[in-house]
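Step one of this worksheet: look at the structure below.
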Amino acid sequence: MPARPRHLLHSSGFARNCPVPETDLTKPAARFEDLRGVLRYVPQFRQRVFVIAIDGALMHQPGFAGLLQDVAVLQSLNIEVVLIFGARAQLRYLAGKRGVTLSSDDGMGRTDAATLEVAVDAITRQTSALMADLTALEMPVAVSNALAVHPAGVMDGIDLEFTGRIERVDTETLQVLLKADIIPVLPPLGYDSRGTSLRLNSDAVAVEVAIALRAAKVIFVSEAGLTMPDGARLAQLSVADARELYRRKDPRHDINLLSKLRYAALACEEGVPRVHIVDGSQDEALLSELFSNEGVGTMIHADDYQQIRPANPADIPALLSMMQQSMDDSALVPRTREEIQSRIQDFYVLDVDGNPIGSVAVHGYEENGLHIAELACLFVRRSHKNRGHGQKLVAYAEEVARLRGCDVLVALSTQAFRFFEEKMGFQVTTPESLPGPRREKYDRSGRNSKVLKKALR
């Protein structure tokens, strides 16, 4: 997909005048693959609800206009978008300007009267600025008070005063807006039955709305992304892992990210299939996360994100397409559609987010009372190499062979024999280890492949 122009939209709103230090948005982002790669996701996403929660600090960054353009792209694909925004940075700025000491800035702790006054002013100005930017992009939007809230009450012996909890989401109002192609915008403020304003945590708002609307995804567009101790991106987490990271209060992640982990786990437990946390300082991070198999952020998932499953005839075109490069490089024996079709029951496909990215086959032989399995047709799409997928496929093939009662697993390789030896515990052997029919085929091929074997018993 060609890059879209990244002009900065100007408005008179508070968000553009707040002098918060800007981060470098010029660093290159991972690009989603191509237009065809994007289009394969469109049928899955069409008319599904995505709840997008944007950290307030990102509204001060030059790339914010591009982020809103990406939201417009989603809506143009008939994805129903609900927008939530945070206000932590705006509260801090305005409190500093007025000399007010905040009782809390994240909508989770105690909100005293002075903090509430600053919060109402900051969020109101921020809402106005966001509406101006969305209107400039000709996106139909509406600010909604679809949240029924009540005071959070006393927690751990502390009266949280003007901090609110969401009691109910008015889904009917939100669905009317969505069906009319109007994007609902929900500020982190609510009003109780007495008309009292209450400060809310934007992450909690996003998750409660997503659960109520049975959304397909929650996407937290954050000031920073989640990383491992070595600085590498943390690509995916289970619900249990997300909760454990939150519980440990890892000092590498501030309260902003820890809050997202907490609410991501809750969302998945309550029926939202996937929650994404993306670094909003990366250009096109939102689209790159959604329209590529591996993404650029962190995905918290309730179901199996990656799965290895038996292949079926509908997979054959994708298998042939992926295998072609390896066959051209002489890494795989050429196979025809008919050959794969005839042994489709032996093939297994690795899916990432519903798209086949690799395969392995397990062929069975019996000779002199010995059950031998051959691991064949192992490949991983070039764009997904060096991510451990090959090891997963080999381990899966071993388990299949064991379940079939095989004694030995053999593999033939012209280029990847070091991988089998060093990573998977195979040993180089001689062609005599092959069962008779396979040995005849080996001799006829003239490929002079290395023969490897692994005892399974």
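The values are calculated or read from the model by the stated rules, or taken from the named source; none is laboratory data. What you see is a predicted model, and the numbers here were worked out from it, not measured in a lab. Methodologically, a virtual Cβ is constructed for each residue, glycine included, from the backbone with ideal geometry; neighbour enumeration extends over all protein chains shown. Quick note on the areas: whole protein, heavy atoms, side chains included, nothing else; ligands and nucleic acids left out. Shrake-Rupley method; radii C 1.70, N 1.55, O 1.52, S 1.80 Å.
Quick notes
- Probe 1.4 Å, protein heavy atoms only - accessible area per residue of the chain in square angstrom: 46 Å²
- Of the residues H253, H301, ranked by 1.4 Å probe accessible area with the largest first, the sequence reads H301, H253.
- Helix axis angle, 202-213 relative to the chain longest principal axis, alpha carbon, degrees: 70 degrees
- Close lysine pairs were tallied over the chain: pairs 8 or more places apart or on different chains with Cα atoms under 19 Å apart number 12.
- J(HN,Hα) series, the stretch 423-428, from Karplus relation 6.51 cos²θ - 1.76 cosθ + 1.60, nearest Hz, glycine and proline x: 9, 10, x, 7, 10, 5
- The chain - mean residue ellipticity at 222 nm from DSSP helices (-39,500 (n - 2.57) per run, n ≥ 4, rounded to 500): -10500 deg cm²/dmol
- Integer Hz, Karplus 6.51/-1.76/1.60 couplings in order for the stretch 429-436, x for Gly and Pro: 9, 9, x, 5, 6, 7, x, x
- When the square roots of the Cα gyration tensor eigenvalues are ordered a ≥ b ≥ c, the ratio a/c for the stretch 92-232 is under 1.5, which makes its shape rounded.
- Rounded to whole Å, sorted largest first: equivalent-ellipsoid semi-axes of the stretch 63-157, Cα gyration tensor: 30, 17, 11
- Gyration tensor verdict on the stretch 318-457 (Cα atoms; rounded if a/c is under 1.5, prolate if a/b is larger than b/c, oblate otherwise): rounded
- In the list (1) 19.9; (2) 25.3; (3) 21.2, the label attached to mean projected area of the Cα convex hull in nm² as derived from the coordinates here is (2).
- For the stretch 337-442, the fraction of 1.4 Å probe accessible surface lying on carbon and sulfur atoms is 46 percent.
- E374, E338, E208, ranked by accessible area, largest first (probe 1.4 Å): E338, E208, E374
- When each of the peptides 348-356, 413-421, 430-438 is scored by how many other beta carbons lie within 10 Å of its residues on average, the order from highest to lowest is 348-356, 413-421, 430-438.
- Taking label points 7 Å from Cα along the Cα-to-Cβ direction, A240 and T227 give a separation of 2.8 nm.
- D230 contributes an accessible area of around 120 Å² to the protein surface, as traced by a 1.4 Å probe with all chains present.
- Rounded to whole numbers, the Karplus 3J(HN,Hα) couplings from phi for the stretch 349-361 are 10, 8, 9, 10, 6, x, 10, x, 10, x, 7, 8, 10 Hz, using 6.51 cos²θ - 1.76 cosθ + 1.60 with θ = phi - 60°, and x at Gly and Pro.
- Surface composition of the stretch 79-196: carbon plus sulfur atoms contribute 49% of the solvent-accessible area (1.4 Å probe, protein chains only, all chains present).
- Within the assembled protein chains, the solvent-accessible surface assigned to L266 is about 60 Å², based on a 1.4 Å probe.
- Cut-off 15 Å between beta-carbons: net charge of the residues surrounding C406, Lys and Arg +1, Asp and Glu -1: -1
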